Structures are given as C-alpha cells and as structure tokens.
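So the structure is just underneath, and the comments pick up after that.
The values are calculated or read from the model by the stated rules, or taken from the named source; none is laboratory data. What you see is a predicted model, and the numbers here were worked out from it, not measured in a lab. Reconstructed Cβ throughout: ideal geometry from the backbone, glycine too, with neighbour counts over all protein chains shown. Just so you know, the surface numbers come from the protein's heavy atoms only, side chains and all, with ligands and any DNA or RNA stripped out. Shrake-Rupley method; radii C 1.70, N 1.55, O 1.52, S 1.80 Å.
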Amino acid sequence: MIARQTIRWLLFGLFSLPLTTAQAEMPSPEPYLLVRSLRMLQDQVASGKPEALPMLNRVLGHIAEQLQAAKPEVWSKPANVYAIFIYLLNGGNPEVVRTILTSANLGQVDPKLVAGSLAYADGDTLRIIENFQELPPNVPIELVASIYLVTATQLAGIDAGTALKRLDYIRLNAPGTLLEEAALRRGLMIAARLGDKDKVRLMARNYLQRFALSPYSEDFFRQLVDALMVIKGKISNEEIEEMASLAWPGARLPFYLRVARGSIVGGDMQRARFASERAAALAIALKADDTQAKLYLAVSNVGSDKTGDAKFMLSKLPKDRLHGRDVKLLEAATMMANKILAQPIPGMDTPQKASIAGSAIADAEPGRAKAAPVESLDPIVDETHKKLDAIDALLGKARK
C-alpha cells in the first residue's frame, strides 16, 4: 500500500497535476520507498503493460531529483543507502549516485558496496568484479539480485558456472520481476556455452510462459537463436519446435527465420531446411510475406538432389522484398547452384543440370511428370562444402 501511494506521489510530480494544499506540503517519500516504487514499475514493464515503459525514464529522472534534494540525515538509515545502490544498478543516474556516495556519511555500509557501485558508475569492469565477488551479510535480496545481474555477463568470461548460479539465484529469489526477465535472457548464452541444453530449454520455457509480452522479448529471441547455434546437434528439431510452440504465432515466424539463417551460415543445412519449412507454413497461415522463408529453404537445398528446384525458386524471388544481406545470400546461393549444376555426372552424357532442371519445371507446371532425383556424388558434396565459405565471404562473415 505504501509503495502504491509513493507511485501516486511520483505521478503528481511527473505530470504536474494540481496538488491540494495537504499534498503540496506532504514530505517526499524516503529513498527506499521511491526505489521500491521504481521496481514495481519495472515489474509492470516486464509483464508487458504498455503504459509502464514510457513512464520508466521519467520516473528514473524524477527519483534522481528527489535523491539530490534529500537531507543528509536520510542516509543514516541503511535501507535508504541500499536503495541508492539498487537505483544505480537498475538504470539510475550514475552522477547523482556518485555525488551521494562520495559526500554522504555512509560509515555503516560495507566499503566494498560503495567501491563496487562507484566502479559500476565508472564502467570499470575489473573493479566491479573485484568488489562484488563476495557480498557482505545482511544485504537485501533485491540488492544481491541486482548485483548478480549486472556482473553476470562479465563474470561469465572468467567463471561461467558461477555466473549461471548467480542468475539462478535471481530466478529463485525474484520471480516475476524484471530482474528475473533479464536473468533468463542473459543466462541463455552462458548455459549454451557450458553445453547445458536442458538449462537452455528450461530458461526458454520459463521466459515464454512468464514474459511473452515483455518489450525486451525480441532480445530474448536473438539470445535464444544464438544459444541454439552454440549447442547445435545437442538439441533436436523436435525440442526446438516444442519451445517455439509456447510463443504466439507472430513471434514464431521471425524466430524460425533467425534459426534458418543462423543454421545456413553455420553450415547446418538440415536444420535450416526444418526451420525454413516451419517459417514458410507460418507465413501462409499468418498471411505474411514468405519471401525470406522461401529464400532460406532454397539455400538449404543447394548442393542436395534438389539443387535444380532450389535454383528455380531462387530465380523467382523478388529481391526488393529482401534485406541487403539476404540479397547477397541469394546471389551467392544462385552462383553456387549454377556451378554445381554445370558439373557433369560421371557415367552420364548430359550434365546433372538437365535432369534436375526438368524436375524444377515439373514442380512448377502441374500435370507434367517429375524427373527422378539425382543422388549426390562426391564431387558435388565437396563443392557443397566449399559453398559455405563462399557464402560467408559474400556476407562479410555475418553471423546474425
């Protein structure tokens, strides 16, 4: 109830609503109440309430003004000092916090918390890790969770296992909050690099069940696709499909497209084919543009016994519906398809191009007999392997 009253107080200040005499004379809430209200607003952002996100920066700024105006005796209460650490680590103004930390009497607070927070304000990664490596006792859970979150990424490069455990602490002790939402996003790649497929699946499921409406969900899907590219063969297409089924159809389409493209660049044509087929089906169901899905499906078939079909599909795709990097991918795939089809098949008088091109024509024109597929031969397989390097070169080594 107190926190809700504090939010109302903040809104009066933010939007300059007319105040009654009693309201105008009401003292500013203590810092710990201001920051508690900030966290409540952030949690509303995580749950997907559209009105919360536009308010967030304004509330952060308004709290900064109140902290600057706070009387010195306010900082004699540990709860208020802990609050300014939480404020800083959750998007607060570093200059405001630096002024308070270097001028107020904070003798009752562990010096490492002050030093670590100042390091965070300065962007000094090494000092952040050094001072936040071990936390003093009796630190509020919300502050511990905030410290664990901001140090997880840097710590992952030194001790990935500990970093993941810290994110697990957040998930267990701050459920339903923006802290948990961010911990799930940041934990995906750490778990993937540790080869923990089950943890990746768990985090993806938890996120999609709890934070599907978060404005940061696009970053989640990027992180998830990157994680899937790392664990590759450890996770099956069926498991990927199970994760995707938890997302709403409009989110599944770009997810499958990202998986398809990442798999192409990573050389996993089987997975690229699976993902692009799912994306193409979703595009039809959603009445969305399927050009990108068709591109990735065609590329995944270049070098297989469907190379002719793939080349035909590539030739029909409108380039003006593709991003620049996908236009380069289309051109690279077309070049490789032409090269593969131009190679003669040992023991045959006609090049492979003839029979597979006939297959493509049969597919395009109903009623005509489809030519039997030609099996892949060693020279073609070798050339298929080389095509990945060619595509990578034309894409400028793009991995996203």
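Sort segment 108-148 into rounded, prolate or oblate with this rule: let a ≥ b ≥ c be the square roots of the eigenvalues of the Cα gyration tensor; rounded if a/c is under 1.5, and if a/c is not under 1.5, prolate when a/b is larger than b/c, oblate otherwise.
On the way: a/c = 1.89, a/b = 1.52, b/c = 1.24.
Judged from the Cα gyration tensor, segment 108-148 comes out prolate (a/c at least 1.5, a/b above b/c).
Gain in length, Val139 to Ala212, computed as 0.36 nm per residue apart minus the alpha-carbon separation, to one decimal in nm? The partial results should precede the final answer.
Working: separation 73, 0.36 × 73 = 26.28 nm, distance 3.11 nm.
Extending this stretch completely gives an extra 23.2 nm.
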* Roll a 1.4 Å probe over the protein chains and send me the accessible area per residue for segment 180-244 in Å². => 42 Å²
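When the accessible area of segment 237-311 is split by element with a 1.4 Å probe, what percent falls to carbon and sulfur?
Details: 1510 of 2790 Å².
Percent of accessible area from carbon and sulfur atoms in segment 237-311: 54.
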* Asked: So what is the relative contact order of segment 244-353, in percent, for Cα pairs below 8 Å that sit 6 or more residues apart?
  -> 18 percent
* Asked: Taking the highest mean first, how do the peptides 86-97, 33-44 order by number of other beta carbon atoms within 10 angstrom per residue?
  -> 33-44, 86-97
